[in-house]
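The values are calculated or read from the model by the stated rules, or taken from the named source; none is laboratory data. Everything numeric in this text was worked out from a predicted model, so none of it was measured. Every residue, glycine as well, gets a Cβ built from its backbone with ideal geometry; the counts of neighbours run over all protein chains shown.
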Amino acid sequence: MLPAAMIFEKWGAYGNAERRTQMWRQQVDPPGEARTDVWMMLEFAKRFRLKDVWGEKALPGLKVEGYPDGKLPDVLAAAKAQGYDPEATLYDVLFARPENKAFAWPDPVAKGKSNATVKALGENWFVEKALFEEYAQFGRGHHHDLADFDLYYRDDVRGLRWPVVNGKETKYRFLEGHDPYVKAGAGFDFYGPAFKALPTGDLDKVTDAKPTSLAGKAKIFFRPYAAPVEQPDANYDLWLCTGRILEHWHTGSMTRRVAELNRSAPTAVLYMHPADAEKRGIKRNDVVWIESRRGKLKLVVDTKGRNAMPKGSVFAAFFDEALLVNKLALDAVDPISRESDFKKCAVKVTKA
């Protein structure tokens, strides 16, 4: 398998929790045979024909209204009626369409920067721009407007908060005078199709099943407190929290290749309150065992670092592949999302 291009070896975009979309140009060419993830997706699409994937498919256990049990229906006949050839590839039908190829490469917005996707494909259309503009169509006019592709690359733009209508971003959503979807005189309007009417209830149950209109209002759901599945006791007497540090915000798979970052934080350590350490006969830079009901690890203690801990809690980061802190973490999962609960568990710490 070919290696994937890194973030600045391709064109890209990202969004964050304040609704801000930011984009970047490719800065350097990927080395060797590295390819962009978009190129990989398109090359896979070239290897599948419509007749291979749009015919009837068995899917054991499928029970969805409108579909036969246990299978996905044959849609080739409908595709033919729309003029699609069963021998055509997914690349031809989904990507290399005339409206996408209308976005020509090279494009002035590139300002001389390269495009590894286009180069590897041997094409002359701006793949990333075409895909973005197709994606953006689904939100425009539907409360989730994105700006035109080129606007994000203007020199005076440092990201735009959607909805972006007529080139203007929305600083405060749902607020009259800022959000173009809020009608004059409304003040605040929490618009949208979700949860227009809901039954009434308390923390435990529905008390009135008759839906009450909540159009234009914020919907806030108060749920009962759910206690952790385990808590500190006489044996495992400390809380452990796992998480990130600045130098290795993800797993260290990239940042630990950066010499300066690796020198700054070469290994994970156990941050501990000085009083908790003293109580156990532990000093800063001592090696300790940290143990939960699921496993144990050796770590070096830090009591004076930047991560000052409250009494009764310790912290260890998860970036260090030599110290797999998740071995200690809970094996419980959220009942709805099935997400693992890595952020808290009961542990004990002893001098090694």
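See the values below:
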| read-out | value |
| --- | --- |
| Considering residues of region 121-156 that are of a type outside the set (D, E, K, R) and over 27 Å from the mean Cα position of the chain (by Cα) only, the residue surrounded by the most Cβ atoms within 10 Å (Cβ to Cβ) | LEU121 |
| Meets criteria (surrounded by 20 or more Cβ atoms within 10 Å (Cβ to Cβ), assigned to a loop (DSSP other than H, G, I, E, B) and touching a strand residue (DSSP E or B) at 6+ places or on another chain (Cβ under 7 Å)) for ILE290 | no |
| Boolean, TYR153 is modelled with pLDDT of 95 or more, among the hydroxyl-bearing types (Ser, Thr, Tyr) and touching a helix residue (DSSP H, G or I) at 6+ places or on another chain (Cβ under 9 Å) | yes |
| All positions within region 244-265 that are outside any helix (DSSP H, G or I) and either exposed (fewer than 12 other Cβ atoms within 10 Å of the Cβ) or on the phi > 0 side of the Ramachandran plot (or both) | LEU246, HIS250, GLY252, SER253 |
| Residue that is farthest from ILE220 (Cα to Cα) [pool: residues in region 182-203 that are out of contact with any Ser or Thr (no Cβ under 8 Å at 6 or more places or on another chain) and part of a strand (DSSP E or B)] | PHE188 |
| Unique match (being of a type in the set (Val, Ile, Thr), under 23 Å from the mean Cα position of the chain (by Cα) and surrounded by 10 or more Cβ atoms within 10 Å (Cβ to Cβ)) among VAL182, VAL164, VAL206 | VAL164 |
| Members of region 56-104 found to be surrounded by 12 or more Cβ atoms within 10 Å (Cβ to Cβ), of a type in the set (D, E, K, R) and closer than 22 Å to GLU43 by Cα, listed by number | ASP85, ASP92, ARG97, LYS101 |
| Residue ID - surrounded by the most Cβ atoms within 10 Å (Cβ to Cβ), chosen from residues in region 185-203 that are closer than 27 Å to ASP145 by Cα and either assigned by TED's automatic domain parsing to the domain that holds HIS143 or over 32 Å from the mean Cα position of the chain (by Cα) (or both) | ALA186 |
| Helices (runs of 4 or more DSSP H) enclosed by region 1-93 - at least 3 residues per element that are within 30 Å of the chain's Cα centre (by Cα) | 37-45 |
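Every residue, every condition in (1) aromatic (Phe, Trp, Tyr); (2) in contact with a Pro (Cβ under 6 Å, 6 or more places away or on another chain); (3) closer than 28 Å to LYS171 by Cα; (4) touching a residue at least 40 places away in the same chain (Cβ under 8 Å), yes or no:
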residue	(1), (2), (3), (4)
ALA4	no, no, no, no
TRP11	yes, no, yes, yes
TYR14	yes, no, yes, no
GLN22	no, no, yes, yes
VAL38	no, no, no, yes
MET41	no, no, no, no
ARG47	no, no, no, yes
